[in-house]
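First up is the structure itself, then whatever we jot down about it.
Nothing in this text is a laboratory measurement; each read-out follows from the coordinates by a stated rule. Worth saying up front: this structure is predicted, and the values here are computed from it rather than measured. Backbone-built Cβ (ideal geometry, glycine too); neighbour counts: all protein chains shown.
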């Protein structure tokens, strides 16, 4: 069910979190100017306007998986939440979340993603794969993901990005307060 | 834009811009040599595609062990294994070192925030320059090592089978626009572009069948054409510019006359089959690459003042200062053969080449700092009336890069970019000439050891394509003549995609 984010109380409610339970990174991943695939950076831009408590870093991670993996080598995050959009055959415009467990991904696939990243592709799957392979993802790694509607080049997003932002914040709130759902998909790439 | 609007950057701005570009190359070349193309020469791949070659590698002593520390070719190949090899992991680390240095001057990488028409917006002080230097210095020993590794790889394959000299071969015809302006000469004018172009640390030039035929940027510009007969674009009919700003004739196919009219369609090898256009110079197929930069510079003997480089006409000598290892003189010689191995070897030499250009410009920046000449950009106003033409001759990590712009009444009316991968990936032109990738692949002998179609991996073809350092995740489609068979291989994978 798409919620329309017209009520600012969601922002204010989330902004009143006093304390983060563990060092957390919220990172948007996606190409700008690619309609709904820009959801990650678009959400991060809006989240940067919120006054977050200490212990939470809000960053745009749309700069290539190799570089972002090296960034993650520097800081010991205990929780990472990636925000992104990816077409996976789900109902367009819907929001999903899953926990990512770095598994036994084949070297062929990881190296394929290295090649793509070196060639300029910015997407959540290469980042998860490469960062997971090099062991920089904490055990609690989440992805909040939009199934895109509009997927052409351009800055005309569908309403799905705006419409789901409130729900993104609500899910963030649950994760940051240690109230993560137990019955949720765990994705292991192998 | 600088040529368009007569904006001349101050010397410090040019020096910083030169350093930024060199640092970008120091990020790009190790990435390619060890993370993208390097795995093609690793134990994991060679053992599978050419078991005999792997056996030989384990018993073959290296020639440059004093520089890289490996005793056998087998040891080098093992450390080039993707994801786990020490050379792979080290290269990944060195890309970070280069990016850190870049970010100190550019704000971030990619998408730097400090590059502006007329210079840069970086604040330059002793602290920044020292922080850049501590990272740049790490490339002194690293570049010695990388050059030695790729010299050994090239020699090993040539000796193992002389047919490897034909892997990825095509005519020695290439173009580079040159990069790294000399602050004393660059005046952002089209009128003087031959003068300031010839004073670049990497000399512009056109090489035809191994001979450097011109280093004049104007010649390079007016000889340029783009064709779209086999691309997903409509041809254009207008020709607003019959001449360049100096009155020399331009082709209707010149970028200043080009109109981009996309025409998506079904792939048809005989008609349209690529989103790349077909850039040509004087109607000749040319390739682009970092190696073209070093070739032109070696042949031209036109370097500006430099402490570290010498162009002999047949080679480029690079003096790499002492770091952990002693000072050394590296020398890239213009090769007899031209193929995938020489492309990678030339690219390896571009690491010390770029590092020493960065050093020259770093020392210049320090001198300027001492003199108090710290202005990094020139203010400018954009005219709101009239028509202006501009062109940028620059270089990506992969080589030749041009931007042609037409401005009318303060707004961009036309903007055309030719990238090195556009050049290299070009489809056939209307004269029937295949593009560089196509030509190189068609000339490549199959040296892989395989039993039948099912076990064929295409490693020789992959090495060929990757030697161009394609800036795109791409796929090659190899047609078999008089057959419906089309072999498709993704090039963004390493060779381990073959298994």
Checklist line | Segment residue B:89-residue B:450, extension gain: residue separation times 0.36 nm, minus the distance between their alpha carbons | finding: 126.9 nm
Checklist line | Percent breakdown of C-alpha pair distances by 10 Å bin, ordered from the shortest bin, for the range B:61-156 | finding: 15, 35, 25, 18, 7, 0
Notebook entry, point to check: What FRET efficiency comes out for the pair residue B:189/residue A:45, r = Cβ-Cβ distance, R0 = 35 Å, nearest 0.05?
Noted result: 0.30
Check: Any idea what the relative contact order of chain A is, in percent, if you count C-alpha pairs under 8 Å spaced at least 6 apart?
Finding: 33
Checklist line | Computed [θ] at 222 nm, deg cm²/dmol, the protein assembly as shown (DSSP H ≥ 4; -39,500 (n - 2.57); rounded to nearest 500) | finding: -11000 deg cm²/dmol
Item checked: Separation of the residue B:314 and residue A:23 label points, Cα + 7 Å toward Cβ, nm -> 5.9
Check: Over chain B, what lengths in whole Å, largest first, do the semi-axes of the equivalent ellipsoid take, defined as the square roots of 5 times the eigenvalues of the alpha-carbon gyration tensor?
Finding: 36, 31, 18
Check: Taking R0 as 35 Å, what's the FRET efficiency between residue B:442 and residue A:159 from their Cβ-Cβ distance, rounded to 0.05?
Finding: 0.10
Note to self: Looking at the calculated P(r) for the protein assembly as shown, what percent of the C-alpha pair distances fall above 45 Å?
What the structure shows: 23
Note to self: For Cα pairs less than 8 Å apart in space and 6+ apart in sequence, what is the mean separation divided by the residue count of the range B:70-113, i.e. the relative contact order in percent?
What the structure shows: 16
Next item on the list: Can you figure out the FRET efficiency of residue B:61 with residue A:188, using R₀ = 56 Å and their beta-carbon distance, to the nearest 0.05?
Entry: 0.80
Next item on the list: Partner chain Cβ atoms within 10 Å, averaged over the residues of A:64-71 - can you pull that number for me?
Entry: 3
Checklist line | Over chain B, relative contact order from alpha-carbon pairs under 8 Å, at least 6 apart, % | finding: 21
Next item on the list: Figure the gain on full extension for residue A:91 and residue A:78 (residue separation times 0.36 nm, minus the Cα-Cα span) and round it to one decimal in nm.
Entry: 1.5 nm
Checklist line | Longest to shortest principal axis, alpha-carbon extents of chain A, angstrom | finding: 46, 38, 29
Margin query: Quick check: the distance between the Cα centres of the range B:223-267 and the range B:144-221, to the nearest angstrom?
Written below: 26
Notebook entry, point to check: In which sequence would B:220, B:246, A:169 go, from the one with the fewest C-beta neighbours within 10 Å to the one with the most?
Noted result: B:246, A:169, B:220
Notebook entry, point to check: D for the range B:83-215, whole µm²/s, Stokes-Einstein with Kirkwood Rh over alpha-carbon pairs at 20 °C and 1.002 mPa s: what number?
Noted result: 114
